[in-house]
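The next block holds one structure in the form of structure tokens; read it before the comments.
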Amino acid sequence: MPPRVVSLVPSLTEAIAVSVPGALVGATDWCTHPAGLDVTRVGGTKNPRPDGVLALAPDLVIANEEENREEDLAALREAGVEVLVTEVRDVPRALRELDRVVTACGARTRPRWLDEAERTWTELPPPGQRTTAVVPIWRRPWMVLGRDTFAGDVLARLGVDHLYATHPDRYPRIGLEELRAAAPDLVVLPDEPYRFTPEDGPEAFPGLRCALVSGRHLTWYGPSLTQAPRVLAEALRGVPR
């Protein structure tokens, strides 16, 4: 029998569910994949209910150092629960952490999707001419990708260099006028964590090319990594000049 697992990270929830059926007993309200996942919900990634987690008697809780708060994880550890915390900054590290997670959750063999994801990212063709971009992740206030982020590494491997990659903060607040004045080749607008849409986002950047992209394929590390290069490349290429 696999261990009883609660996942506090949406992308890892998907990875565990498809790799170790029956292991998951709990997940966050934001864990939307795979569709129809039938487990107990324990709150959000930033505000899980510790009593709800403990009521499930998990053998293991899966968390991420960026998505989850240390005080919540400490409370679970103090209650005697083992907590596995992942740290992801780029695609190679994501692949290693995914292997570690599914193994800890009881996978007896390496999942095929993980092998496919590794091949997909290892065999990417050279991106050719590079594009500069700003990548908002929130508005009111405007926040963008900064240094040392998984999404930034994904884009860089696809030939897109975001302009705040060397900013001291990982997710800096940058005023809209400064973002416009940076004059990127492209503004990349994902649909999460802020849900940018054709009506909410592009209008803030008149005269600049905007690409609406899947946040799951840009920011999640899990089975979506097998499709991410194709899905993102199509969205980026499809932007009218």
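Only residues that are closer than 18 Å to Gly36 by Cα and not polar (S, T, N, Q): list them for region 1-19, please.
Listed by number, the residues that qualify are Val5, Val6, Leu8, Val9, Pro10, Leu12, Glu14, Ala15, Ile16, Ala17, Val18.
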Check region 102-113 and report whether any residue there is farther than 22 Å from Gly215 by Cα, touching a residue at least 60 places away in the same chain (Cβ under 8 Å) and β-branched (Val, Ile, Thr).
yes
Considering region 189-228 alone, what residues qualify as being of a type in the set (A, V, I, L, M) and either within 25 Å of Glu87 (Cβ to Cβ) or assigned to a helix (DSSP H, G or I) (or both)?
Ala204, Val213, Leu218, Leu225, Ala228
Would you check which residues across region 12-67 are touching a residue at least 40 places away in the same chain (Cβ under 8 Å), hydrophobic (A, V, I, L, M, F, W, C) and either farther than 21 Å from Glu97 by Cα or touching a His at 6+ places or on another chain (Cβ under 7 Å) (or both) and list them?
Val53, Leu56, Ala57
Restricting attention to region 38-64, which residues are part of a loop (DSSP other than H, G, I, E, B), at pLDDT 95 or above and closer than 28 Å to Phe150 by Cα?
Val39, Val42
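Among the candidates Thr219, Thr197, single out the residue that is polar (S, T, N, Q), under 27 Å from Val102 (Cβ atoms) and outside the structural domain of Val18 (by TED's automatic domain parsing). Steps first, please.
Working: Thr197 fails: under 27 Å from Val102 (Cβ atoms).
Of Thr219, Thr197, the one residue that is polar (S, T, N, Q), under 27 Å from Val102 (Cβ atoms) and outside the structural domain of Val18 (by TED's automatic domain parsing) is Thr219.
I'm trying to understand the selection: among the residues of region 194-211, which are in contact with a strand residue (DSSP E or B) (Cβ under 6 Å, 6 or more places away or on another chain) and either modelled with pLDDT under 95 or within 19 Å of Glu234 (Cα to Cα) (or both)?
Phe196, Pro202, Leu208, Arg209, Cys210, Ala211
Yes/no per residue for (1) of a type outside the set (D, E, K, R); (2) farther than 28 Å from Tyr171 by Cβ:
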{"site": "Val9", "(1), (2)": "yes, no"}
{"site": "Val20", "(1), (2)": "yes, yes"}
{"site": "Gly26", "(1), (2)": "yes, no"}
{"site": "Ala55", "(1), (2)": "yes, yes"}
{"site": "Glu65", "(1), (2)": "no, no"}
Could you please give the count of residues in region 39-77 that are hydroxyl-bearing (Ser, Thr, Tyr) and in contact with a strand residue (DSSP E or B) (Cβ under 7 Å, 6 or more places away or on another chain)?
1
List the strands (runs of 3 or more DSSP E) inside region 95-162, counting only whole elements, that have at least 1 residues being surrounded by 14 or more Cβ atoms within 10 Å (Cβ to Cβ) and acidic (Asp, Glu).
160-162
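Taking into account only those residues within region 196-225 that are under 14 Å from the mean Cα position of the chain (by Cα) and of a type in the set (S, T, N, Q), which is nearest to Pro34 (Cα to Cα)? Walk me through how you get there before you give the answer.
In the first step, residues of region 196-225 are kept if they are under 14 Å from the mean Cα position of the chain (by Cα); the result is 213-225.
Going one step further and asking which of them are of a type in the set (S, T, N, Q), we end up with 214, 219, 224.
Values: Ser214: 16, Thr219: 16, Ser224: 11 Å.
The selected residue is Ser224.
The values are calculated or read from the model by the stated rules, or taken from the named source; none is laboratory data. All figures in this text were calculated on a predicted structure; none of them were measured in a lab. Every residue, glycine as well, gets a Cβ built from its backbone with ideal geometry; the counts of neighbours run over all protein chains shown.
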